[in-house]
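Taking it in order: structure first as structure tokens, then the write-up.
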Amino acid sequence: MNPWLIATSVMLATFMEVLDTAIASVALPYIAGSLSASNDEATWVLTSYLVANAVILPASNWFALKFGRKNFLVSCVTIFTISSFFCGAAPTLPLMLLARIIQGAGGGALQPLSQAILLESFPPEKRGAAMAVFAFGVVVAPVIGPTLGGWLTDTYSWRYAFYINIPVGIVAVVMISRFVKDPPYIANAKVPPFDNIGFGLLAVWTGCLQVILDKGQEDDWFGAVWIRWAAFFLVTSFVWFLVHSWRKKNPLVNLRIFKDWNFAIGCCLIAMFGVSIYSTITVLPLFYQELLGYTAFTAGLVAGPRGIGSILGMPIIGWLGNKVDPRYLLTFGFLVFGLCSIYFGNVDLDIGPTTLLIPIVITGFALSFVFVPITTQAYGTLHNEQIGNASGIFNLMRNIGGSIGISVAQTLLTRRADSHQNEILNYVPRSSYYYQQRVGQIASYLGRQTNPANATAAARSQVYQQLNAQALLWAFVDVFRWTGLLCFSAVALVWLFRKVKPGRAPAGAH
């Protein structure tokens, strides 16, 4: 069987799942209005999906062994596609949340299953190119998602953000059924009993973590009693989960795989990668919308060229991946992404739609040099039989990193904006000459346009709006620069990898 047909089949499923997450985030305000819900209530459309997704991710290996990887993958794509229809057709918020939970459960296994199938379907010398195809779905989909979601929502309806999955899902089911086959060790596997305790603990700690990250900033983090309780259950269930999974003979998630040095380092790096890419993808469109007044669709268009950079980089990394030490490629990717993030830290309120075009394209190019080599290094010393379990953990770490990145970025924007506002007020108090002069200039102009009696109050309001804009601008600058520093620190971690020969198969592969 041609492995590229297998790659296309599983990449379609991955692309659909990742794209849906990005599209839904853009449509949230429209979903809230249509379903008579507040914006806070509408965020559960994202949270419910992510919780269900996170629970299934590391458990996907057991289900693949139990029901067969191909059958399980086809079932997951089918569940995801059918639930997408019910998400789009939902008349009320509770029905939408129920459909999203089912959709998240169906989508949770798509990434690890697709990655495992790709790694085992290609010979060692083509494995880098295969992961470049997989990276296309994982890296490019979050970039074009906001643009596509904004266009569908503005042109048609938010419901089409979910309906778009239906034709893609049907094609994916047909292709997977036709081209994907189970390896012998899956067909002959002795499946242990289902780990009920491990699955329950996994559901509790991932659910608590996602809810805390999603709602923490709104409720002042640990200033809220319910968040302190959620954190208590998070820590307790997580520690119990670690002890249980490490000691049990056949756990749902085999954590003993972390004894493999390269895989452990790879999980740390993929989490840092998740923090970097998702925080940047979230913050940059917000900068254009909140400070420059762009619409969601226009902001998505401005940030969209990152996908062009990724597409340009995929063939190059697919070729270099089999010839160059992955550590050099990773170093290049993280350094370039970090430098571009530092460059973003020079933004001001006078930039135009194309000012950041080149650095945005370069960040997409750099991302190609991060995702594929991390995968090559992390899986390069594992046996084929370990890949299914490893893939679930690996993708969970990336998703958790992404959730943390989004939450931290939003918190930093709020907290640093307040801090910079106080700094500006201390530097230019209301009694200062500069403040009085500026208010006087604006009041003089407004007095000629409107009622002179109200000109001074209106001038002070405008100055305060300018102050808020400057404070928020510096908050965005802080986030961009700290993202750059995170990427630079990742470079040091890259060189803790043990060398894996380019193009090498996982240990024990034939």
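The values are calculated or read from the model by the stated rules, or taken from the named source; none is laboratory data. Since the model is a prediction, treat every value here as computed from it, not as a measurement. Cβ coordinates were reconstructed from backbone atoms using ideal geometry, including for glycine residues, and neighbour counts include every protein chain displayed.
A few notes on this one:
- Checked against the criterion of being surrounded by 23 or more Cβ atoms within 10 Å (Cβ to Cβ), closer than 23 Å to residue 492 by Cβ and at pLDDT 85 or above, the candidates 374, 360 yield just one match: 374.
- Filtered residues of the range 321-351 (kept if over 13 Å from residue 367 (Cα atoms), touching a residue at least 12 places away in the same chain (Cβ under 8 Å) and part of a helix (DSSP H, G or I)): 326, 327, 342, 343, 344
- Set 189, 172: member being in contact with a Leu (Cβ under 7 Å, 6 or more places away or on another chain) and outside any helix (DSSP H, G or I): 189
- Tally, over the range 140-158, of residues that are surrounded by 19 or more Cβ atoms within 10 Å (Cβ to Cβ) and either among the basic types (Lys, Arg) or assigned to a helix (DSSP H, G or I) (or both): 13
- Candidate set from the range 47-61 (those that are at pLDDT 75 or above and within 14 Å of the chain's Cα centre (by Cα)); member that is farthest from residue 401 (Cα to Cα): 49
- Among the residues making up the range 220-248, those that are touching a residue at least 12 places away in the same chain (Cβ under 8 Å) and either within 15 Å of residue 58 (Cβ to Cβ) or not in a helix (DSSP H, G or I) (or both) are 237, 238, 241, 242, 244, 245, 248.
- Conditions (1) under 20 Å from residue 77 (Cα atoms); (2) at pLDDT 85 or above; (3) surrounded by fewer than 19 Cβ atoms within 10 Å (Cβ to Cβ); number of the one not met by residue 194: (1)
Let's see how each residue does on (1) assigned by TED's automatic domain parsing to the domain that holds residue 13; (2) out of contact with any Pro (no Cβ under 6 Å at 6 or more places or on another chain):
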{"position": "116", "(1), (2)": "yes, yes"}
{"position": "121", "(1), (2)": "yes, no"}
{"position": "135", "(1), (2)": "yes, yes"}
{"position": "157", "(1), (2)": "yes, yes"}
{"position": "165", "(1), (2)": "yes, yes"}
{"position": "178", "(1), (2)": "yes, yes"}
{"position": "206", "(1), (2)": "no, yes"}
{"position": "210", "(1), (2)": "no, yes"}
{"position": "215", "(1), (2)": "no, yes"}
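- Selection from the range 60-79 of residues that are under 11 Å from residue 173 (Cα atoms) and either buried (at least 24 other Cβ atoms within 10 Å of the Cβ) or in contact with a Leu (Cβ under 6 Å, 6 or more places away or on another chain) (or both): 73, 76, 77
- Filtering the range 19-44 to residues that are outside any helix (DSSP H, G or I) and modelled with pLDDT under 80 leaves 37, 38, 43.
- Condition met for residue 390 (under 28 Å from residue 305 (Cβ atoms), assigned to a helix (DSSP H, G or I) and either in contact with a Gly (Cβ under 7 Å, 6 or more places away or on another chain) or in the same structural domain as residue 481 (by TED's automatic domain parsing) (or both)): no
- Single match in 98, 50, 28 (criterion: in the same structural domain as residue 148 (by TED's automatic domain parsing) and buried (at least 22 other Cβ atoms within 10 Å of the Cβ)): 50
- Selected residue [small (Gly, Ala, Ser) and modelled with pLDDT under 85] from 189, 203: 189
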